[in-house]
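See below for the structure under consideration.
The values are calculated or read from the model by the stated rules, or taken from the named source; none is laboratory data. Since the structure is predicted, the reported quantities are computational estimates derived from the model, not experimental observations. Cβ placement follows ideal geometry from the backbone for every residue including glycine, while neighbour counts extend to all protein chains displayed. Surface areas here come from the heavy atoms of the whole protein model, side chains and all, with no ligands, DNA or RNA. Shrake-Rupley method; radii C 1.70, N 1.55, O 1.52, S 1.80 Å.
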Amino acid sequence: MNIREKLKDKKRVVIKIGSSSLTHKETGRLDLIKMEILVRELADLHNQGKDVIVVSSGAIAVGRAVMGIHERPSALAQKQACAAIGQARLMMIYQKLFAEYNQTAAQVLLTKYTMINPKTRDNARNTLQSLLHMGAIPIVNENDTVSTDEIEFVNTFGDNDTLSALVAALTDADMLILLSDIDGLFTDDPHLNPEAEFVDVVEKIDDHFMKMGKESSGSSVGTGGMATKLSAARIATGAGADMVIANGADFHVIHKIMEGRNYGTLFLADRKDREALHKMFKNL
(Lines give C-alpha, C1' and ligand atoms only; values in the text may rest on other atoms or scores of the structure.)
Protein backbone atom coordinates (compact mmCIF):
# COMPACT_ATOMS: atom_id res chain seq x y z
CA MET A 1 0.00 0.00 0.00
CA ASN A 2 1.22 3.49 -0.87
CA ILE A 3 2.18 5.33 2.31
CA ARG A 4 -0.32 8.11 1.55
CA GLU A 5 -3.17 5.62 1.06
CA LYS A 6 -3.34 5.32 4.86
CA LEU A 7 -4.48 8.96 5.08
CA LYS A 8 -7.95 7.83 3.94
CA ASP A 9 -8.42 6.09 7.29
CA LYS A 10 -7.72 9.11 9.50
CA LYS A 11 -10.50 9.72 12.02
CA ARG A 12 -9.67 13.07 13.64
CA VAL A 13 -8.25 15.83 11.45
CA VAL A 14 -6.93 19.25 12.44
CA ILE A 15 -6.69 21.69 9.54
CA LYS A 16 -4.79 24.95 9.91
CA ILE A 17 -5.61 27.81 7.56
CA GLY A 18 -3.11 30.65 7.26
CA SER A 19 -4.10 34.28 6.91
CA SER A 20 -2.78 34.50 3.35
CA SER A 21 -4.98 31.57 2.31
CA LEU A 22 -8.17 33.33 3.46
CA THR A 23 -7.71 36.82 2.08
CA HIS A 24 -7.30 38.62 -1.22
CA LYS A 25 -3.67 39.64 -1.63
CA GLU A 26 -4.59 43.00 -3.18
CA THR A 27 -7.03 44.20 -0.51
CA GLY A 28 -6.56 42.00 2.55
CA ARG A 29 -10.31 41.34 2.58
CA LEU A 30 -11.74 37.84 2.93
CA ASP A 31 -11.90 35.75 -0.22
CA LEU A 32 -15.49 34.57 0.12
CA ILE A 33 -15.38 32.19 -2.85
CA LYS A 34 -12.40 30.42 -1.30
CA MET A 35 -14.10 30.34 2.09
CA GLU A 36 -17.17 28.69 0.56
CA ILE A 37 -14.95 26.01 -0.95
CA LEU A 38 -13.13 25.57 2.36
CA VAL A 39 -16.32 25.12 4.34
CA ARG A 40 -17.73 22.70 1.77
CA GLU A 41 -14.54 20.61 1.96
CA LEU A 42 -14.63 20.56 5.77
CA ALA A 43 -18.36 19.80 5.90
CA ASP A 44 -17.84 16.87 3.55
CA LEU A 45 -15.05 15.48 5.73
CA HIS A 46 -17.42 15.75 8.68
CA ASN A 47 -20.14 13.99 6.68
CA GLN A 48 -17.72 11.09 6.19
CA GLY A 49 -17.78 10.57 9.95
CA LYS A 50 -14.47 12.26 10.69
CA ASP A 51 -13.90 14.67 13.56
CA VAL A 52 -12.83 18.02 12.13
CA ILE A 53 -11.06 20.84 13.98
CA VAL A 54 -10.16 24.07 12.19
CA VAL A 55 -7.35 26.32 13.39
CA SER A 56 -7.99 29.56 11.55
CA SER A 57 -5.77 32.62 11.39
CA GLY A 58 -6.99 35.87 9.91
CA ALA A 59 -8.53 37.91 12.74
CA ILE A 60 -6.10 40.83 12.52
CA ALA A 61 -6.05 40.79 8.72
CA VAL A 62 -9.85 40.83 8.55
CA GLY A 63 -10.09 43.57 11.18
CA ARG A 64 -7.61 45.70 9.26
CA ALA A 65 -9.61 45.33 6.07
CA VAL A 66 -12.92 46.10 7.79
CA MET A 67 -11.50 49.32 9.25
CA GLY A 68 -9.66 50.33 6.08
CA ILE A 69 -6.17 49.99 7.58
CA HIS A 70 -3.87 49.11 4.69
CA GLU A 71 -0.59 48.57 6.55
CA ARG A 72 -0.11 46.09 9.38
CA PRO A 73 -0.49 48.19 12.57
CA SER A 74 2.65 48.72 14.61
CA ALA A 75 0.90 49.68 17.86
CA LEU A 76 0.01 46.66 19.98
CA ALA A 77 -3.35 48.09 21.10
CA GLN A 78 -4.35 48.71 17.49
CA LYS A 79 -3.43 45.15 16.51
CA GLN A 80 -5.56 43.84 19.37
CA ALA A 81 -8.45 46.10 18.39
CA CYS A 82 -8.22 44.80 14.81
CA ALA A 83 -8.23 41.25 16.19
CA ALA A 84 -11.40 41.96 18.20
CA ILE A 85 -13.19 43.31 15.14
CA GLY A 86 -11.85 40.70 12.76
CA GLN A 87 -12.47 37.65 14.95
CA ALA A 88 -16.16 38.50 15.30
CA ARG A 89 -16.48 39.02 11.53
CA LEU A 90 -14.56 35.82 10.77
CA MET A 91 -16.74 33.68 13.04
CA MET A 92 -19.94 35.23 11.72
CA ILE A 93 -18.98 34.17 8.19
CA TYR A 94 -17.80 30.70 9.28
CA GLN A 95 -21.07 30.06 11.15
CA LYS A 96 -23.19 31.31 8.25
CA LEU A 97 -21.37 29.14 5.70
CA PHE A 98 -21.32 26.02 7.88
CA ALA A 99 -25.04 26.43 8.60
CA GLU A 100 -25.70 26.16 4.85
CA TYR A 101 -24.38 22.59 5.07
CA ASN A 102 -26.27 21.82 8.29
CA GLN A 103 -23.08 21.98 10.35
CA THR A 104 -22.46 23.80 13.63
CA ALA A 105 -19.29 25.84 14.08
CA ALA A 106 -18.02 26.66 17.57
CA GLN A 107 -15.46 29.30 18.54
CA VAL A 108 -12.53 28.34 20.79
CA LEU A 109 -9.96 31.03 21.64
CA LEU A 110 -6.75 29.92 23.31
CA THR A 111 -3.58 31.56 24.62
CA LYS A 112 -0.10 30.33 25.41
CA TYR A 113 -1.03 30.41 29.09
CA THR A 114 -3.99 28.10 28.49
CA MET A 115 -1.52 25.51 27.27
CA ILE A 116 1.10 26.01 30.00
CA ASN A 117 -1.25 25.59 32.95
CA PRO A 118 -2.31 21.95 33.44
CA LYS A 119 -5.77 22.90 34.75
CA THR A 120 -6.68 25.28 31.92
CA ARG A 121 -5.13 22.88 29.41
CA ASP A 122 -7.36 20.08 30.71
CA ASN A 123 -10.35 22.42 30.52
CA ALA A 124 -9.51 23.22 26.89
CA ARG A 125 -9.11 19.53 26.10
CA ASN A 126 -12.44 18.67 27.73
CA THR A 127 -14.22 21.47 25.88
CA LEU A 128 -12.83 20.39 22.52
CA GLN A 129 -13.65 16.74 23.18
CA SER A 130 -17.21 17.66 24.19
CA LEU A 131 -17.70 19.79 21.07
CA LEU A 132 -16.53 16.91 18.87
CA HIS A 133 -18.77 14.47 20.74
CA MET A 134 -21.72 16.83 20.13
CA GLY A 135 -20.93 16.90 16.41
CA ALA A 136 -19.74 20.50 16.26
CA ILE A 137 -16.74 21.75 14.28
CA PRO A 138 -14.46 23.81 16.58
CA ILE A 139 -12.87 26.89 14.99
CA VAL A 140 -9.74 27.59 17.03
CA ASN A 141 -7.63 30.75 17.05
CA GLU A 142 -5.20 32.41 19.39
CA ASN A 143 -6.96 35.02 21.49
CA ASP A 144 -5.10 37.97 19.98
CA THR A 145 -7.31 40.46 21.83
CA VAL A 146 -5.62 39.57 25.14
CA SER A 147 -2.59 37.51 24.10
CA THR A 148 0.40 39.38 22.69
CA ASP A 149 2.80 36.52 22.00
CA GLU A 150 1.97 35.91 18.34
CA ILE A 151 1.21 39.45 17.31
CA GLU A 152 4.46 40.77 18.80
CA PHE A 153 6.28 38.33 16.50
CA VAL A 154 7.60 36.23 19.38
CA ASN A 155 6.41 33.32 17.23
CA THR A 156 4.98 31.44 20.17
CA PHE A 157 2.27 30.15 17.89
CA GLY A 158 3.73 31.45 14.58
CA ASP A 159 0.54 32.38 12.71
CA ASN A 160 -1.09 29.39 14.44
CA ASP A 161 1.32 26.78 13.05
CA THR A 162 2.43 25.76 16.55
CA LEU A 163 -1.08 26.20 17.97
CA SER A 164 -2.50 23.75 15.43
CA ALA A 165 0.12 21.14 16.40
CA LEU A 166 -0.65 21.67 20.09
CA VAL A 167 -4.37 21.28 19.39
CA ALA A 168 -3.64 18.05 17.49
CA ALA A 169 -1.64 16.78 20.49
CA LEU A 170 -4.30 17.96 22.95
CA THR A 171 -7.15 16.18 21.14
CA ASP A 172 -5.27 13.00 20.12
CA ALA A 173 -5.81 13.83 16.44
CA ASP A 174 -4.25 11.42 13.96
CA MET A 175 -3.86 13.98 11.14
CA LEU A 176 -2.76 17.61 10.84
CA ILE A 177 -2.88 19.58 7.60
CA LEU A 178 -1.08 22.94 7.47
CA LEU A 179 -2.31 25.07 4.57
CA SER A 180 -0.29 28.15 3.75
CA ASP A 181 1.26 29.91 0.74
CA ILE A 182 3.91 27.27 0.05
CA ASP A 183 3.68 23.87 -1.68
CA GLY A 184 5.57 22.06 1.07
CA LEU A 185 9.15 21.61 2.28
CA PHE A 186 12.03 22.35 -0.08
CA THR A 187 15.75 21.82 0.40
CA ASP A 188 16.12 25.62 0.10
CA ASP A 189 13.92 28.66 -0.51
CA PRO A 190 12.44 27.96 -3.99
CA HIS A 191 11.83 31.69 -4.53
CA LEU A 192 15.55 32.38 -4.25
CA ASN A 193 17.10 29.13 -5.41
CA PRO A 194 15.75 27.54 -8.62
CA GLU A 195 17.76 24.41 -7.79
CA ALA A 196 15.77 23.83 -4.58
CA GLU A 197 14.27 20.34 -4.51
CA PHE A 198 10.82 19.44 -3.20
CA VAL A 199 10.71 16.99 -0.28
CA ASP A 200 7.87 14.51 -0.71
CA VAL A 201 8.03 12.52 2.55
CA VAL A 202 9.86 13.08 5.83
CA GLU A 203 10.11 9.92 7.91
CA LYS A 204 11.83 11.52 10.90
CA ILE A 205 12.49 15.19 11.63
CA ASP A 206 16.15 15.61 12.50
CA ASP A 207 18.51 18.59 12.62
CA HIS A 208 19.10 18.27 8.87
CA PHE A 209 15.44 19.06 8.17
CA MET A 210 15.17 21.71 10.87
CA LYS A 211 18.01 23.63 9.20
CA MET A 212 15.91 23.86 6.04
CA GLY A 213 13.49 26.14 7.90
CA LYS A 214 13.75 29.84 7.34
CA GLU A 215 12.74 32.40 9.95
CA SER A 216 10.68 34.31 7.43
CA SER A 217 7.21 34.59 6.01
CA GLY A 218 6.45 35.55 2.44
CA SER A 219 3.18 37.17 3.42
CA SER A 220 2.30 40.61 4.80
CA VAL A 221 -0.62 39.14 6.74
CA GLY A 222 1.05 36.06 8.29
CA THR A 223 3.71 35.58 10.95
CA GLY A 224 4.73 31.96 10.38
CA GLY A 225 7.61 30.87 8.16
CA MET A 226 8.88 27.37 7.39
CA ALA A 227 10.76 27.22 10.70
CA THR A 228 7.49 27.36 12.66
CA LYS A 229 5.96 24.73 10.37
CA LEU A 230 8.84 22.34 11.02
CA SER A 231 8.53 22.96 14.76
CA ALA A 232 4.81 22.20 14.43
CA ALA A 233 5.65 19.01 12.55
CA ARG A 234 7.95 17.92 15.36
CA ILE A 235 5.17 18.43 17.92
CA ALA A 236 2.42 16.81 15.84
CA THR A 237 4.42 13.76 14.78
CA GLY A 238 5.68 13.35 18.34
CA ALA A 239 2.05 13.24 19.44
CA GLY A 240 1.33 10.42 17.00
CA ALA A 241 -0.22 12.41 14.13
CA ASP A 242 0.80 12.43 10.48
CA MET A 243 1.15 15.94 9.10
CA VAL A 244 1.03 17.49 5.63
CA ILE A 245 2.25 20.95 4.64
CA ALA A 246 0.50 22.02 1.44
CA ASN A 247 -0.48 25.08 -0.55
CA GLY A 248 -3.80 26.63 0.42
CA ALA A 249 -4.25 28.45 -2.90
CA ASP A 250 -6.98 25.93 -3.77
CA PHE A 251 -8.85 24.41 -0.82
CA HIS A 252 -9.89 21.43 -2.96
CA VAL A 253 -6.44 20.16 -1.96
CA ILE A 254 -7.99 19.06 1.36
CA HIS A 255 -9.99 16.17 -0.09
CA LYS A 256 -7.12 15.32 -2.42
CA ILE A 257 -4.77 14.94 0.54
CA MET A 258 -7.32 12.90 2.48
CA GLU A 259 -7.79 10.62 -0.55
CA GLY A 260 -4.08 9.79 -0.37
CA ARG A 261 -3.10 11.75 -3.45
CA ASN A 262 0.38 13.19 -3.81
CA TYR A 263 0.03 16.78 -2.57
CA GLY A 264 2.31 18.60 -0.15
CA THR A 265 5.04 17.24 2.08
CA LEU A 266 4.01 14.35 4.32
CA PHE A 267 5.61 14.05 7.76
CA LEU A 268 5.13 10.60 9.24
CA ALA A 269 3.92 10.13 12.80
CA ASP A 270 6.49 9.17 15.41
CA ARG A 271 5.84 7.05 18.47
CA LYS A 272 3.87 8.87 21.13
CA ASP A 273 5.99 10.01 24.04
CA ARG A 274 3.65 11.24 26.77
CA GLU A 275 6.49 12.36 29.03
CA ALA A 276 8.09 14.39 26.22
CA LEU A 277 4.72 15.95 25.34
CA HIS A 278 4.08 16.90 28.96
CA LYS A 279 7.52 18.52 29.12
CA MET A 280 6.87 20.30 25.84
CA PHE A 281 3.64 21.89 27.12
CA LYS A 282 5.45 22.87 30.33
CA ASN A 283 8.30 24.56 28.44
CA LEU A 284 6.19 26.63 26.04
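For the range 92-150, filtering for residues that are at pLDDT below 95 and among the hydroxyl-bearing types (Ser, Thr, Tyr) leaves 7. For the range 173-188, give me each residue that is open to solvent by 20 Å² or more (accessible area, probe 1.4 Å) and closer than 25 Å to residue 56 by Cα. Matches in the range 173-188: 174, 181, 182, 183, 186. Residues in the range 173-195 that are in contact with a helix residue (DSSP H, G or I) (Cβ under 9 Å, 6 or more places away or on another chain), touching a residue at least 40 places away in the same chain (Cβ under 8 Å) and not in a strand (DSSP E or B): 4 in all.
Remark: pairs (first residue in the range 60-76, free of Cβ contacts under 8 Å to residues at least 24 places away in the same chain; second residue among the small types (Gly, Ala, Ser) and surrounded by fewer than 16 Cβ atoms within 10 Å (Cβ to Cβ); Cβ separation under 9 Å; 6+ apart in sequence or on different chains) = 71/220.
Listed here are the residues, each with its yes/no results for (1) open to solvent by less than 60 Å² (accessible area, probe 1.4 Å); (2) over 19 Å from the mean Cα position of the chain (by Cα).
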site	(1), (2)
58	yes, no
64	yes, yes
75	yes, yes
78	no, yes
98	yes, no
101	no, yes
105	yes, no
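If you filter the range 151-172 down to residues that are part of a loop (DSSP other than H, G, I, E, B) and modelled with pLDDT of 90 or more, you find that the one that is farthest from residue 60 (Cα to Cα) is 172.
Checked against the criterion of being open to solvent by 20 Å² or more (accessible area, probe 1.4 Å), among the aromatic types (Phe, Trp, Tyr) and either free of Cβ contacts under 8 Å to residues at least 40 places away in the same chain or closer than 30 Å to residue 172 by Cβ (or both), the candidates 94, 113 yield just one match: 113.
When the range 3-23 is filtered for residues that are closer than 13 Å to residue 251 by Cβ and of a type in the set (Val, Ile, Thr), the ones remaining, listed by number, are 15, 17.
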